[in-house]
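Structure first, commentary second.
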Amino acid sequence: MDMNLDLANKFYRQMLLIRRFEEKCVEMYSKEKIRGFLHLYIGEEAVAVGVMNALTSDDAIFATYREHGQALARGVPPNKIMAEMFGKVQGCSRGRGGSMHLFDAKTRFYGGSAIVSGGLPLAVGMALSDQMMKRDRVTVCFFGDGAVAEGEFHESLNLASLWKLPILFICENNLYAMGTALKFTESETNISLKAASYRIDSSQVDGMDIITVAQAAQEAVAKIKNGNGPVFIECLTYRFRAHSMFDAELYRDKTEVAVWKEKDPLVILHQQWTGINIDKYENEIALIIDEAVAFAENGTLESIDDLEKYVYSAEGVQ
Amino acid sequence: MDMNLDLANKFYRQMLLIRRFEEKCVEMYSKEKIRGFLHLYIGEEAVAVGVMNALTSDDAIFATYREHGQALARGVPPNKIMAEMFGKVQGCSRGRGGSMHLFDAKTRFYGGSAIVSGGLPLAVGMALSDQMMKRDRVTVCFFGDGAVAEGEFHESLNLASLWKLPILFICENNLYAMGTALKFTESETNISLKAASYRIDSSQVDGMDIITVAQAAQEAVAKIKNGNGPVFIECLTYRFRAHSMFDAELYRDKTEVAVWKEKDPLVILHQQWTGINIDKYENEIALIIDEAVAFAENGTLESIDDLEKYVYSAEGVQ
Amino acid sequence: MNSIITYREAVRQALREAMEQDERVFLMGEDVGHYGGSYAVSMGFLALFGPQRIIDTPLSESAFTGAGIGAALGGMRPIVEIMTVNFSLLALDQIMNNAATLLHMSGGQFNVPLVIRMATGGGKQLAAQHSHSLEGWYAHIPGLKVLTPATIQDAYNMLGLALRDPDPVLIFENSMLYNTKGVLDPQIQPLMIGKARVQRAGKDLTILTYGISLFKSLEAASALMKEGIDVEVIDLRSLRPLDDETIMKSVAKTHRVLIVDEGWKSGSISAEIMARINEQAFYELDAPMQRVCTVEVPIPYAAHLEQAALPQAEKIIAMAKKIMEKQ
Amino acid sequence: MNSIITYREAVRQALREAMEQDERVFLMGEDVGHYGGSYAVSMGFLALFGPQRIIDTPLSESAFTGAGIGAALGGMRPIVEIMTVNFSLLALDQIMNNAATLLHMSGGQFNVPLVIRMATGGGKQLAAQHSHSLEGWYAHIPGLKVLTPATIQDAYNMLGLALRDPDPVLIFENSMLYNTKGVLDPQIQPLMIGKARVQRAGKDLTILTYGISLFKSLEAASALMKEGIDVEVIDLRSLRPLDDETIMKSVAKTHRVLIVDEGWKSGSISAEIMARINEQAFYELDAPMQRVCTVEVPIPYAAHLEQAALPQAEKIIAMAKKIMEKQ
Ligand SMILES: Cc1ncc(C[n+]2csc(CCOP(=O)(O)OP(=O)(O)O)c2C)c(N)n1
Ligand SMILES: Cc1ncc(C[n+]2csc(CCOP(=O)(O)OP(=O)(O)O)c2C)c(N)n1
Ligand SMILES: [Mg+2]
Ligand SMILES: [Mg+2]
């Protein structure tokens, strides 16, 4: 990957968009415009932005309930995401999904899944379909360190490796699954080693440094497109905020949080590329976010008569 | 382990009991005395007998649907096992379990489980209870190579290692899960390496050589009793017969079977310990088996009025 | 051209034709390839279609079912074979939380054209963990369709119907039926998903049933006829959606209802049917509805206990007579 | 001594007392320790009882539920907390194929004294994968008992009852109830498992319900009383076993039945109750029974859609009136 100021600008802007967008979400949550669970990506922006940079519009993404970052980085319109969280019909899932279930066919964004590890088998299947159809595509699957303990992680990695599927696994290891530290949940805390035990090409990278992530993702995609089967990247990262809006954060030290905040991906990137025009992006993004909020506010509610619509496909669809 | 002729005699006798008992089962199946699924252990006798030798009566056993060998080696009375397969109330599960669900409280034999990998979590829980109650016991859990692909395998190994539980995992790798060869189901076919990835003390041994198995099991039990957590032994073995009585065996070569039959655990042991008094055991065992069949034949059927008994415990039981 | 074939052969033929006609169709599951299918349904298909389309999976019910969903999202028409319903519990999260919800949750963007086939039912002395009849239980889940082919014709037709459906369809094949024989007319226009079929017309009593119980019910109906009780037997065919129209029409004719179903009694599909008849045709009823279901026990191994647990023609006959006694 | 406390506090207190009184009792589940329980039920317990008895598990629903079964076999009295019912699908194999079958399958040798607690229900805008109400669905499974505490008293009592039961008991705590308040009398003799309670006596119509719907039903009953309709409201408390006796007694009194339940309508516990009333008290009925259940959709996020999907007092009132109109 050739790193240059243009790319640094692009990365910064996308990360900033996620950061500011989510800060606005918190505000909207306090105002009770957004409800349900709201899981923030703040602190982890380098992962989604770095990975998405390696993809083309043909590639597919499966993410978790902590997926605003992925959706924004992928190009799902902020308006539609905000409207979704407002529960409006203009939302990317017509208000049926909310924060945890952003979907967008246009950008091949397949959600937004709220069952930990539940998205991995789907991603495997998508990659299988690409292999069968001989399509030159990659499927990227994001999940947290918590997902690693689930049986579906194991089953999915095995299938992907066994069948040499074109899939990129991105583990966002932020050290905690809700309030439970990784050391309490895994006998082997180096997740990339676990992945390697399936004979998957696997590595652990600094997930706070977007350049490192982007580089790793680009190399991974190239390998995958060469038909060498799946690649697994464990990104070491940290969520700066609580798990969700209902979390008292009793399980971690303030100092630990402070130490990680020094690795803020935005700050780090700016340190490396001092030419980034932060002010310009702050202004642009403020406008985008204001517009998203306005769009969401002005959105309309799905008619209750249509509640049962989409339980099954309309007749005639195949 | 001090190997000597006495022990060789004991091993041989137990393996022969399993062999002849199961041959009788086949006969009884043809006569329609036994029905349902019948999975034979023939060829794999060294594993069960070798492992059981390392246990005391305090230890617990969890096995699969292919568990006649384990039950016999553990000392569940042949009469009760045969009666169980005949569906009689004198059977070790009162005729409710059949071949796949032998249970015996007296010898701490916890089944007999027909969901592949379903027994692993139970064994983990039993070991957990021993750890909590500070009981100096080992729980042994048998399962096949097919179980390794199931999510429960992964979840259970992780729990056992994480919590340093007193459990011995015995993988009976007979190369096939029904008709599917291991190479079609695992990206890493060395199962002991997979287990090691959970930081479990793990090894691969020749499962056709009972002395090797017994040695490994004895060492494993000693380690476990020292409080070092779980041990995993992958026993390389082979089933000489079809998967069950309904299997056309299209998936494997006759020559492959023939090659493995040369490693018959009974033959191998006899080669090493020529002093074993085979004829004596053949005679003894023929009597035991005749008695088991007679016992089963003479057994009675549970009254249909009691069909619903044991769905819930009798009142007053705690 | 009509032929007399087994249920197994009917499913085989439907599978083969579907794979020949549509490249997107593939079969995936445990032992579908080298072994030939645990009930020999896909015997020889590996040689015919190759390992890309007849995929032997590891024992990973959750992941390969989920992979079926993913492949369906990717434009394929996967047929996932879960060897038996008993093992589908391991895949329930994928079935309920993904297959059944994706379309709605995505606001209509992503439908899941997935077919899941599984063997179901008791009767083979396979005991508590291998004898479940959960098709009625699955019918609780919105977003799914649940089919229960009983006849040779349906064993053949339903696979095609399911493959043409844009949404996830579960097909439950009772394992006791694979060796049964009957007429197949491959030209016949298939009866739609969601339609029940009057299998035997009658005027005194309606028996509503499906799957293997259809045959037990027909046997009972013949015996009852000799005693002057003229039973209408309806093969529900689809447990979700249920064909309320056909059910209520029959109730309006006979005014007496017996439901026969191999699920455990409490919370069975029989209960749902009773609830609907009560709601939609209460005033048509001349007597309390009754049901013959499986006794609420983990199915025991011993033949006599297992048979005592399952619905049987004799129980159906006895119950039918009891219903007829009421004024 | 009576006190007014929250539902959460009632469960907490029961848990604490059980752990203090019986060394064999321990709590195991995701985030029960360091986090304090996802609904703060076990907040502070880790410090109180230590990590041996308050066990934070990895996200491994199947294995830790199975480990609970194994530990129960080993003489412990485990309380497994599955964070919410939505995740229990991953553990269904262990629940149905092991917990529910072991006693029977072993011919009575091995009982499983396991308690599984899970939060259930919709209403918090958590969307399709986090809003299931599957307690009625679980009640289909023989070998299990299914409890649904609605009141503060039951939230407290049922845990003790479940722990004293020799067999597996599932307790469903509706997550909307944790902050509700009510009277707890710790001295009161607990009403047994399997007994329903008449929560409000009435003569015109019986409402059968449980969990959160009890309160919606009571609200509806008050409103209906103003219009001269005197409703009896019964809290079922236990969905397996169901208290047929109390149900039929009430039907014999009011002759009209409405069932309110948060499960999806088709195949709901409401259907089972209708089936039983039809079977056991058909001639007592003056009108078709009705039910208010959740609309059969994956629960949507948007508040207005979610509320439209769930049972509500207004729907109950309207349905009650409809029933009263019939002659
Ligand atoms: C199967 C399942 N079990 C439990 C939960 C509840 N839950 C939601 S998020 C979460 C923690 C997941 O942690 P991780 O995978 O590390 O992702 P992170 O939230 O840290 O991004 C838990 C336990 C769930 N959603 N799904
Ligand atoms: C969860 C589950 N899936 C599928 C089956 C059907 N089945 C029974 S045995 C078997 C093969 C298991 O192979 P392995 O674990 O290697 O044991 P082996 O039979 O070789 O001893 C299969 C697929 C099952 N019993 N349980
Ligand atoms: Mg995490
Ligand atoms: Mg094997």
Q.
Starting from the 7 Å offset along Cα-to-Cβ, what nm value, one decimal, do you get for the label separation of C:His304 and C:Lys203?
A. 4.3
Q.
Using a Förster radius of 35 Å, what is the FRET efficiency between D:Met248 and C:Glu314 based on their Cβ-Cβ separation? Nearest 0.05, please.
A. 0.80
Q) When C:Glu20, D:Glu272 are ordered from fewest to most other Cβ atoms inside 10 Å of their Cβ, what list results? A) C:Glu20, D:Glu272
Q) In the Gaussian network model of chain D, springs joining C-alpha atoms below 10 Å, which of D:Leu126, D:Leu310, D:Leu208 carries the largest mean-square fluctuation? A) D:Leu126
Q | Check: region D:197-325 dipole with +1 on Lys, Arg Cβ and -1 on Asp, Glu Cβ, in debye | A | 140
Q. Using alpha-carbon pairs under 8 Å, 6+ residues apart, how would you state the relative contact order of region A:44-108 in percent?
A. 30
**Q.** Charge dipole (debye, nearest 20) of the protein assembly as shown; +1 at Cβ of Lys and Arg, -1 at Cβ of Asp and Glu
**A.** 1260
(Q) What distance in nm lies between label points placed 7 Å from Cα along the C-beta direction at B:Asn228 and B:Glu284? (A) 3.4
Q) Using the alpha-carbon atoms, what tilt in degrees (0 to 90, nearest 10) does helix D:61-73 show relative to the longest principal axis of chain D? A) 80
Q. Cross-link partners among lysines for A:Lys223, C-alpha distance below 27 Å, same-chain residues fewer than 8 apart left out?
A. A:Lys10, A:Lys106, A:Lys134, A:Lys164, A:Lys194, B:Lys183, B:Lys194
Q: Using Cα positions and a limit of under 19 Å, work out the aspartates and glutamates in reach of A:Lys309, with same-chain residues fewer than 8 apart set aside.
A: A:Glu84, A:Asp104, C:Asp165, C:Asp167, D:Glu296, D:Glu306
Q: Show that you can apply the helix-only estimate: for the protein assembly as shown, add -39,500 (n - 2.57) for every DSSP H stretch of four or more residues, divide by all residues, and state [θ] at 222 nm to the nearest 500.
A: -11500 deg cm²/dmol
Q) Under the definition of partner shielding as Cβ atoms of other protein chains within 10 Å of a residue Cβ, what is the mean value for peptide D:20-30? A) 2
Q) How big is the shadow of the Cα convex hull of region B:5-306, averaged over all directions, in nm²? A) 15.5
(Q) Binning at 5 angstrom from zero up to the longest distance, how are the C-alpha pair distances of region A:8-160 distributed in percent? (A) 2, 10, 19, 22, 21, 15, 9, 3, 1, 0
Q. Rounded to the nearest 5, what is the percent of antiparallel bridges among the DSSP beta bridges in the protein assembly as shown?
A. 20
Q: For B:Lys33, go through the lysines and keep the ones whose alpha-carbon is under 19 Å away, minus same-chain ones fewer than eight residues off.
A: B:Lys24, B:Lys80, B:Lys88, C:Lys124
Q) Going by alpha carbons, how many degrees (0 to 90, nearest 10) lie between the helix axis of D:313-325 and the longest principal axis of chain D? A) 40
Q. Calculated FRET efficiency, A:Lys183 and A:Asp6, Cβ-Cβ r, R0 35 Å, to nearest 0.05?
A. 0.30
Q.
Along the charge dipole of the protein assembly as shown, pointing to its positive end and built from +1/-1 on Cβ of Lys, Arg, Asp and Glu, which listed residue (B:Leu40, C:Pro288, C:Val183) has its Cα farthest out?
A. C:Pro288
Q) For the residue pair B:Glu32 and C:Phe282, what label-to-label distance in nm results when each label sits 7 Å from Cα along the Cα-to-beta-carbon direction? A) 5.1
Q. Can you give the three extents of the C-alpha atoms in region D:3-184 along their principal axes, from longest to shortest, in whole Å?
A. 46, 37, 30
(Q) If I take R0 = 56 Å and measure r between the Cβ atoms of B:Ala294 and A:Lys164 in this structure, what FRET efficiency does the formula 1/(1 + (r/R0)^6) give, to the nearest 0.05? (A) 0.50
Q | Residue among B:Gly43, B:Gly125, B:Gly95 with the largest mean-square fluctuation in a Gaussian network model of chain B, springs linking Cα atoms under 10 Å | A | B:Gly125
**Q.** Compactness of region D:235-299, expressed as Rg and Dmax over alpha-carbon positions, Å
**A.** 12.0, 37
Q) Based on the Kirkwood radius over alpha-carbon pairs, what value in µm²/s does the Stokes-Einstein equation return for the translational diffusion coefficient of region A:63-147 at 25 °C and 0.890 mPa s? A) 187
Q: Please find, in a Gaussian network model of chain A (springs between Cα atoms separated by less than 10 Å), the residue of A:Leu40, A:Leu182, A:Leu301 whose mean-square fluctuation is greatest.
A: A:Leu301
Q. About its Cα centre, how strong a charge dipole does chain D have in debye, to the nearest 20, once Lys and Arg get +1 and Asp and Glu get -1 at the Cβ?
A. 420
Q: Starting at the first residue of region C:137-152, write each ³J(HN,Hα) from the Karplus equation 6.51 cos²θ - 1.76 cosθ + 1.60 with θ = phi - 60°, in whole Hz, x for Gly and Pro.
A: 5, 4, 5, 6, 9, x, x, 9, 10, 10, 10, 9, x, 10, 8, 4
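Values quoted throughout were computed directly from the atomic coordinates according to the rules given, and no laboratory measurement underlies them. Quick caveat: nothing in here was measured; it's all calculated off a predicted structure. Methodologically, a virtual Cβ is constructed for each residue, glycine included, from the backbone with ideal geometry; neighbour enumeration extends over all protein chains shown.
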